[in-house]
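Derivation of every value follows stated rules applied to the coordinates shown; laboratory data play no part. All values reported here derive from a predicted model rather than from experimental measurement. Here Cβ is always computed from backbone atoms with ideal geometry, including for glycine, and neighbour counts include all displayed protein chains.
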Amino acid sequence: MLADMMATRHESARVLEMLAQAIGGFTHGGHSGNGRNGGGVHGPKRPCSYQDFLGTHPPMFTPTAEPLDVEHWLHILEQKFQLLNVTDEQKVQFATQQLLGSTSAWWDTFNAMQPLDHHVTWQEFTTTFRQYYIPVGLLNRKLSEFLELKQGNMTMMEYVNKFNHFA
């Protein structure tokens with residue numbers, strides 16, 4: 001009888017250990033099915049893949065006459081990066097895959113001018129990108145438009161939207 005109780009206790013301990021491992025794997029992204037970390041349970045996140053990033057439907061970027069489009073695009077990418085466990089290096093890699101046309105050519109040229117062992121940081125990319133696509137004169141003009149903004153015949157909501165757009 002004592003041997004049966006010990007065997008039952010041993011079996012129960014083994015089942016509990018397997019259950020703990022299964023729960024641990026689930027909360028750390030191992031068995032959740034979607035690759036996320038268990039719906040907000042704190043624990044180490046797995047590295048982000050490009051497919052994870054594409055799953056957030058990031059916008060492509062082509063140059064436009066509107067300099068605020070640059071800020072808008074960068075802001076949306078930052079929001080996407082916050083959803084995922086994206087490294088600084090991946091931010092640059094992922095963002096530059098979203099560049100089209102002459103913007104992609106700009107990146108290729110900029111990147112080719114870097115020393116061989118230099119990896120462009122996200123801060124470096126965003127600073128250079130803004131400098132290139134938002135000329136200072138254009139930025140000053142937008143600042144003037146913002147400072148001169150008046151509601152006039154716009155509805156309150158139209159005015160607030162325009163204010164937020166400029167801000």
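Around the amide H of Leu99, modelled in the peptide plane, lie the amide H atoms of Phe61, all under 5 Å away and 5 or more residues distant in sequence or on another chain. Pairs of Cα atoms in the stretch 50-134 fall into 5 Å distance bins, from 0 up to the last occupied one, in shares of 3, 14, 27, 27, 18, 10, 1 percent.
Counting charges near Trp107 (Lys, Arg +1; Asp, Glu -1) among other residues having Cβ under 14 Å from its Cβ returns a value of 0. Note on Lys150, Lys91, Lys142: ascending count of other Cβ atoms within 10 Å places them as Lys150, Lys142, Lys91, the fewest first. By the count of neighbouring beta-carbon atoms within 10 Å, fewest first, Ser144, Ser49 end up ordered Ser144, Ser49.
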